[in-house]
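The values are calculated or read from the model by the stated rules, or taken from the named source; none is laboratory data. Since the structure is predicted, the reported quantities are computational estimates derived from the model, not experimental observations. All Cβ positions, even for glycine, are placed from backbone atoms using ideal geometry, and neighbour counts span all protein chains on display. Remember, those area values only see protein heavy atoms, side chains included, never the ligands or the DNA or RNA. Shrake-Rupley method; radii C 1.70, N 1.55, O 1.52, S 1.80 Å.
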Amino acid sequence: MITKTVAFHSIDFLAASDHEYECLSEFKNILNREYRPDDPPISLEENIQDWKNIPHFVDYEAYVMWDELKTKLIAECEFAVYNTGDNEHMADFSIEVLPEYRRKGIARNALILLLAFAKKHERRLLISFSTDRIPAAALFLERLGARKGLEMYVNQLKISEFNRNLLLDWLEKRGKLKGEFELGYWEGAYPEDRINEVSDLYQEVANDQPRDTLEMEDSKFSPQIFREIEQNMFARGEQRWILYLTDSTNGKLAGLTEVMWNPNRKIIINQGFTGVYPVYRSKGLGRWLKAEMMQKILKERPEVEFIRTRNANSNAPMLKINVEMGFKPYIANTIWQIETEKIENYLLEVKQ
């Protein structure tokens, strides 16, 4: 039976009240302590900027549930579709409940809202994720009939354990490539005169990564999409370094790597996209880029203790480089998929 007293209320991330923002930020940090217990909390202002700068290509609905005195949030759910011209059969969803309120029918009630959202946007496949830090999420998704689509790790490198001789070895091997390629550096936003090249690189390389059994098509990347993502990133206080390589013969972008750092979490750097065009692979460009970036981090960010990256378990080429560098599994994540029809059938069954 679905709990009758459970009630979700809509919340507008762009125009919430001060009280709503404060309570939502507190709620998110409680959950974050489960996800990543080693991390400092995310500040209220950073969270507000994240919510106020959701990209325009995202259509979303969000709902919250209050305690009886409306002094704190006990649950929150979000649903989203991405109007990027691809994967128009899919919608993303997340349902989060404070530990002490789980197994009380709250998540089931959120499914009613999810179903309405999916039908409104004519989405037949719903995507969510779970982490091994909160086993209840995977159990709930399995009960719904969801299937694992892609398994991945957040891998972490402890700077104190990094083998600096490896760095010297990789930098030494770049010597024979210096005549063929030129190394460059960007900070912050991608430059306007190269944004189309970056978009094309993402389009080819990101879509070349494993998807396992996820029923999704190639994603489309455009300069406008990048600019909106950057707006959100920089509003939250993120700082980005980008190292790239160009072909010396024609100036064509051959590959790049990027990292993000937030002064609110000084000890952590997050590795973003790393990609090399297929025609330039097997030359050691990925290791060159990684080595140059590592050298820059060690020199200019001495306060950093951890570097984190996310890799599909089936992405053997990138995992090979990261394992060589000393990255180790930190958090296991799973992307799940479930048909909208299964959600509808599940809700019909629990009503009986």
On a C-alpha basis, how far is the centre of the range 231-281 from the centre of the range 94-127 in Å? Whole number, if you could?
35
State, as an integer percentage, the relative contact order of the range 14-112 based on alpha-carbon contacts under 8 Å between residues 6 or more apart.
21
Full extension from V350 to A332: what is 0.36 nm times the residue separation minus their Cα-Cα distance, to one decimal in nm?
3.4 nm
How many angstrom lie between the C-alpha centres of the range 149-179 and the range 331-350?
38
Given just the C-alpha atoms of the chain, how large is their convex hull per residue in cubic angstrom?
133
Projected area, mean over directions - the range 107-159, Cα convex hull, nm²
5.1
Once R0 is set to 25 Å, what does the formula 1/(1 + (r/R0)^6) return for the Cβ-Cβ distance between L69 and E100, expressed as a FRET efficiency to the nearest 0.05?
0.95
Bin all alpha-carbon pair distances of the range 35-108 at 5 Å intervals from 0 and give each bin's fraction as a whole percent.
3, 12, 16, 21, 21, 16, 9, 3, 0
P(r) histogram, all alpha-carbon pairs of the range 271-352 included - 10 Å bins from 0, percent
12, 35, 22, 12, 11, 7, 0
Provide the gained length on full extension for the span L177 to E215, in nm with one decimal, where the gain is 0.36 nm per separating residue minus the Cα-Cα distance.
9.8 nm
Mean 1/r over distinct Cα pairs of the range 1-130, inverted to a Kirkwood Rh in Å, yields 15.7
Go ahead and collect, in residue order, the members of the range 177-200 whose backbone nitrogen is under 13 Å from a label point 7 Å along the Cα-Cβ direction of E300.
184-189
With Cβ to Cβ distances under 13 Å as the rule, what net charge do the other residues near C23 carry (K, R +1; D, E -1)?
-3
Would you work out the relative contact order for the range 89-226, in percent, from Cα pairs under 8 angstrom that are 6 or more residues apart?
24
Alpha-carbon Debye profile of the range 6-52, log10 I(q)/I(0) at 0.15, 0.25, 0.26 Å⁻¹
-0.42, -0.94, -0.98
DSSP-loop trypsin sites (Lys or Arg not before Pro) across the range 166-214, with at most 14 other Cβ within 10 angstrom
K178
What percent of all Cα-Cα pairs in the range 200-352 falls in each 5 Å bin, counting up from 0?
1, 7, 13, 18, 18, 17, 10, 5, 4, 3, 2, 1, 0, 0
What is the sum of charges around Y153, taking Lys and Arg as +1, Asp and Glu as -1, for the other residues whose C-beta is under 11 Å from the C-beta of Y153?
+1
Need one number: nm distance between label points at S17 and D86, each 7 Å from Cα along Cα→Cβ, rounded to one decimal.
4.2
Accessible surface, the range 1-103, averaged per residue in Å² (probe 1.4 Å)
52
Can you tell me the 0 to 90 degree angle between the C-alpha axis of helix 285-300 and the longest principal axis of the chain, rounded to 10?
80
Measure off, as a whole percent, the carbon and sulfur share of the 1.4 Å-probe accessible area of the range 52-148, all protein chains present.
53
Taking the mean number of other Cβ atoms within 10 Å as a proxy for protection, how do you rank 38-45, 137-144 from highest to lowest?
137-144, 38-45
Calculate, for R143 and I30, the FRET efficiency according to 1/(1 + (r/R0)^6) with r their C-beta to C-beta distance and R0 25 Å; round to the nearest 0.05.
0.55
Could you work out the relative contact order of the range 233-317, using alpha carbon pairs under 8 angstrom and six or more residues apart, expressed as a whole percent?
26
Expressed as a percent, the accessible surface of the range 298-352 that is carbon or sulfur, using a 1.4 Å probe and the full set of protein chains, is 55
Amide H to amide H, which residues 5 or more places from S248 or on other chains are under 5 Å from it, using H placed in the peptide plane?
F181, E182
Could you pull out every residue, at least 5 positions away or on a different chain, whose amide H is within less than 5 Å of the one on W66? Hs are placed 1.01 Å off N in the peptide plane, and Pro or chain starts have none.
I74
According to the Kirkwood expression over distinct Cα-Cα pairs, how big is the hydrodynamic radius of the range 53-181, in Å?
18.5
